[in-house]
Each structure stands twice: as C-alpha cells, then as structure tokens.
Amino acid sequence: MMRLQVNGEERVIGDDVTPDTPLLWVLRDNLGLVGAKYGCGIGSCGACTVHVDGKAVRSCTLPVSQVAGKPVTTIEGLARDGKLHPLQVAWIENDVPQCGYCQAGQIMNAAAMLKDKPKPTDADIRGAMTGNICRCGCYVRIHSAILESV
Ligand code: FES
Ligand code: FES
C-alpha cells in the first residue's frame, strides 16, 4: 500500500499498483483524475504535466513510488476555495483551447513557471513552454493568456 498526497487529500493506493507504475496511470486509472493526458509516454510532449512539490513534472515517466509523501497537484486541484487560478481565468477569456487535449498540461506547466517568475518576459514564457506541444497550434493564445494572467 502507498499513501499519496493529491490535491490536498491523502489517497491510499492498493497493492495492485506496483512501485514502478507511472504516476499518470495512478492518477487516471486509480484516482479518477483524468485531466492530465497521455500523449507520447516518453516525457516529450507535456500533456501529462502535473506538479510534485510545486514543480512541473511529466507524470507519464515518473514512477509513483517517487512521489510518496510529496504533495501532488493536478489540474483538478489548481483552483482553490472555489476560485479559479488566474491562468484558468485568462484561458477562458482568451478562448485558448481548440481540441483541449494538451491544455491541462499547458496550464500546469505555466502555473509552475509563474511560481518562479511571477512577471515573466516573452522570452521566459517561450523558454518555459517550448516543450509543451499543442498539435492544434494554439501557441499564440497560450502565450497571450499567460501574459494576461499576471
Ligand atoms: S505524455 Fe508525458 S510527456 Fe507526453
Ligand atoms: S488544443 Fe488540441 S492539442 Fe492543444
């Protein structure tokens, strides 16, 4: 059995989950948190991005055993006390998503960047977001929404 801290709650994972199971599968299949998506499975697209200890991580390649006892936040836990994160507000106002598949990962990656750089420059945003792929090509709206959120 493993105990995880997910979105502020303790969640117990049963023995059917081996320690090397990727965090993404535990979130989706065991905990029903399906916001983070499977894209590439090799850490290259960012669709599965969540926070561990406040840092953006790619949950498709992270064994669940490595997050035991550490706070995990998914897109489902980004809003606090019923209030959307400023990025989520800006995402809605800028009508950012097209198909939506990559968007949870985009927002979680941006949220982690803003913790380090609350007033990011264009270059900061490009540097932080380059590895998050959007096959619909929503990059301009993603960039604008991040700038508007701060
Ligand atoms: S699914 Fe994890 S980086 Fe692509
Ligand atoms: S909105 Fe479709 S992949 Fe990004």
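In this structure, the amide hydrogen of K70, modeled 1.01 Å from its nitrogen in the peptide plane, lies closer than 5 angstrom to those of Q5, counting only residues at least 5 positions away or on a different chain. Projected onto planes of every orientation and averaged, the convex hull of the alpha-carbon atoms in the stretch 43-83 covers 3.3 nm².
Sort D81, D20 from largest to smallest accessible area, using a 1.4 Å probe on the heavy atoms of the protein chains.
Details: D81 160, D20 110 Å².
Ranked from most to least accessible, the order is D81, D20.
Computing Rg and the Kirkwood Rh from the Cα coordinates of the stretch 86-149 gives a ratio, Rg/Rh, of 0.91.
Cross-link check: pairs K55/K115; K70/K117; K37/K119 evaluated at a Cα-Cα cut-off of 19 Å; pairs beyond the cut-off: K70/K117; K37/K119. Around the amide H of C102, modelled in the peptide plane, lies no amide H under 5 Å away from a residue 5 or more places distant or on another chain.
Per residue, the chain exposes 51 Å² of accessible surface when a 1.4 Å probe is rolled over the protein heavy atoms with every protein chain present.
Given a cut-off of 20 Å, what percent of all Cα-Cα pairs of the stretch 41-150 lie beyond it? So the pairs more than 20 Å apart make up 36 percent of the total in the stretch 41-150. Counting only aspartates and glutamates at least 8 places from K83 when in the same chain, those with an alpha carbon closer than 19 Å to its own are E9, E93, D95, E148.
Give me Rg over Rh for the stretch 2-77, both radii from the alpha carbons and Rh done the Kirkwood way, two decimal places. Write down the numbers at each step before the final one.
Values: Rg = 10.9 Å, Rh = 12.0 Å.
That ratio equals 0.91.
Just the number, please: carbon plus sulfur as a percent of the accessible area of the chain, 1.4 Å probe, no ligands or DNA/RNA counted. Carbon and sulfur: 52 percent of the exposed surface of the chain.
The values are calculated or read from the model by the stated rules, or taken from the named source; none is laboratory data. Nothing here was measured: the structure is a model prediction, and the numbers come from that model. Note: accessible area is taken over every heavy atom of the protein model, side chains too, but ligands, DNA and RNA are not part of it. Shrake-Rupley method; radii C 1.70, N 1.55, O 1.52, S 1.80 Å.
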